[in-house]
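Down below is the structure, laid out as structure tokens.
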Amino acid sequence: KKKKEKDDYGSINNTEEDDEDDVVDLAANSLLNKLIRQSLVESSHRVEVLQKDPSSPLYSVKTFEELRLKEELLKGIYAMGFNRPSKIQEMALPMMLAHPPQNLIAQSQSGTGKTAAFVLAMLSRVNTLELFPQCLCLAPTYELALQTGRVVERMGKFCVDVQVMYAIRGNRIPRGTDVTKQIIIGTPGTVLDWCFKRKLIDLTKIRVFVLDEADVMIDTQGFSDQSIRIQRALPSECQMLLFSATFEDSVWQFAERIIPDPNVIKLRKEELTLNNIRQYYVLCENRKDKYQALCNIYGGITIGQAIIFCQTRRNAKWLTVEMMQDGHQVSLLSGELTVDQRASIIQRFRDGKEKVLITTNVCARGIDVKQVTIVVNFDLPVNQAEEPDYETYLHRIGRTGRFGKKGLAFNMIEVEKLPLLMKIQDHFNSSIKQLDPEDMDEIE
Ligand code: ADP
């Protein structure tokens, strides 16, 4: 796996002239998912818990009241519209708020309430009478740090004496400044600088240390080592918490190095299935032909919103121009755009301002746009060996079985690619029917 070198701003500099969007930017995806997600992701799995001390009783809470929080914090939670703890919060919050503090490693997919949980833990542990940094949260990029900071500000709206500060490059602190804010959120490089070189933060006074998005963190050169250097300087009674959306071995190894004596909480990810998706294919001669078929489909059925996947940036661009010239409202999500630009395109699509989103594989991987009813594979996903890329196919089209809406998927296939499609059909053991684009009656 390629490691990304990134500056501390977390900016994405796609200087490669490459036609393929070949690098999945985990930090960018994570940010986009945060920006487009407005509610909890549901799960039908049970939370798995591994206690540091298996003989101690295991508490879970069904309400926020049971946590005996400060009044103003509870008010903040309700003001955010939270009624009850999420699945992961039910188990994580009692551990995080226990006395004495317990360390925790928690893994669950994005959108399951991890950030809200550790923000709550930080806010509840701040002593407002003390004016120095007490909680430290490391995030992989500037933008992700800001997102977490916003949650602190919203949840802590009524905790008027609690303040946040961002340790991110570009936030210049004059020499000799006394940092009085209790919660510091920042990227590892700048935090390290503020602690050791500039002595703005006294790590021995930190009570809660949070390492967020550990999977993204270890994907970025230097961040693991910097995080470990920071962690080593914390007092032994400091509570240490680590969160990750995924749990590959590498994340796990890192987590175990940096979090002593942890409890572990896991919530398995909902599996994608093709069960509630009707899949079709249209045989085409060439690109022009595919486009014509697409227009026929588009004209032939009532389309909600559609995502169209192309294999290369060049194809995606070509298709966007064609569709626009024909008067369709489409937008193009591509790897050359900045994260902000991508976020705003996804937001507009989410709000229904555009009906069609055209994109490449990598650019849309891991981004959830739930209300989409139609997915078009303008090109079949293939790997470098020109074999079908099953995982990507499933990712584009699949939904989570229990909560997903029914969907429709169309594959535009050149005759010579048909064997690939048949392999996909066999692989998933699900039928993909041929469609005559002149005759749409079959679908509706
Ligand atoms: P994660 O950090 O796992 O990605 P977040 O904490 O960001 O998840 O939560 C995902 C979304 O769900 C956010 O919009 C957040 O405001 C909301 N959320 C979190 N906890 C709750 C809750 N207990 N009840 C309702 N919504 C919640």
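The values are calculated or read from the model by the stated rules, or taken from the named source; none is laboratory data. No experiment lies behind these values; they were computed from the predicted model shown. Cβ atoms come from the backbone with ideal geometry, glycine included; neighbour counts cover every protein chain shown. The protein model used for the area step is the full one, side chains on, heavy atoms only, and it has no ligands, DNA or RNA in it. Shrake-Rupley method; radii C 1.70, N 1.55, O 1.52, S 1.80 Å.
Just add up the charged neighbours of Asn286: K/R +1, D/E -1, any other residue whose Cβ is under 14 Å from the Cβ of Asn286.
Here the count lands on -2.
Report the full-extension gain for the segment Gln325 to Asp426: residue separation times 0.36 nm, less the Cα-Cα distance, to one decimal in nm. Don't skip to the answer; put the middle values down first.
Working: separation 101, 0.36 × 101 = 36.36 nm, distance 3.80 nm.
So the chain would gain 32.6 nm between Gln325 and Asp426.
Using +1 on the beta carbon of Lys and Arg, -1 on that of Asp and Glu, and nothing else charged, what's the dipole of the chain about the Cα centre, debye to 20?
On the way: 57 positive and 61 negative charges, 381 e Å.
My answer is approximately 1820 debye.
For the chain, modelled as a GNM with alpha-carbon contacts under 10 angstrom, which of Gly170, Gly189, Gly398 fluctuates the most?
Between Gly170, Gly189, Gly398, it is Gly170 that shows the largest mean-square fluctuation.
If each DSSP helix of 4+ residues adds -39,500 (n - 2.57) and the sum is divided by the residues in the chain, what number results at 222 nm, nearest 500 deg cm²/dmol?
So the calculated ellipticity at 222 nm is -9500 deg cm²/dmol.
Carbon-plus-sulfur fraction of the accessible area of the chain, 1.4 Å probe, in percent?
With neighbouring chains kept in place, the figure for the chain is 48 percent.
With charges only on Cβ, +1 for K and R and -1 for D and E, what is the dipole size of segment 23-124 about its Cα centre, in debye, rounded to 20?
About 100 debye.
In this model, which of Lys75/Lys353; Lys87/Lys423; Lys87/Lys433; Lys75/Lys181 are farther than 28 Å apart at the alpha-carbon? All intermediate terms of the calculation are to be shown ahead of the outcome.
Numbers: Lys75/Lys353 35 Å; Lys87/Lys423 38 Å; Lys87/Lys433 39 Å; Lys75/Lys181 22 Å.
Lys75/Lys353; Lys87/Lys423; Lys87/Lys433, as the Cα separations exceed 28 Å there.
Under the rule of at least 5 residues apart or a separate chain, name every residue whose amide H is placed under 5 Å from the amide H of Asn263.
So Asn263 has HN proximity to Lys52, Asn103, Leu104, Ile105.
Express the relative contact order of the chain as a whole percentage, based on alpha carbon pairs under 8 Å and six or more residues apart in sequence.
Here the relative contact order equals 20 percent.
Averaged across orientations, what area in nm² does the convex hull of the alpha carbons in the chain project? Walk me through the numbers on the way to the answer.
On the way: hull surface 90.9 nm².
Spelled out: convex hull of the Cα atoms, projected over all directions, averaged, 22.7 nm².
Would you mind pulling out the separation of the Cα centroids of segment 273-347 and segment 155-188, in Å?
That distance is 44 Å.
Arrange the residues His45, His99, His395 by how much accessible surface each exposes, largest first, with a 1.4 angstrom probe.
The residues order as His99, His395, His45, largest area first.
Which FRET efficiency, nearest 0.05, do Asn127 and Asp436 yield, Cβ-Cβ r, R0 45 Å?
Using R0 = 45 Å, I get an efficiency of 0.05.
For the chain, what is the accessible area per residue in Å² when the probe is 1.4 Å?
Accessible area per residue, the chain: 47 Å².
Treating the beta-carbon of each Lys and Arg as +1 and of each Asp and Glu as -1, no other charges, what is the dipole magnitude of segment 206-269 about its Cα centre, to the nearest 20 debye?
160 debye
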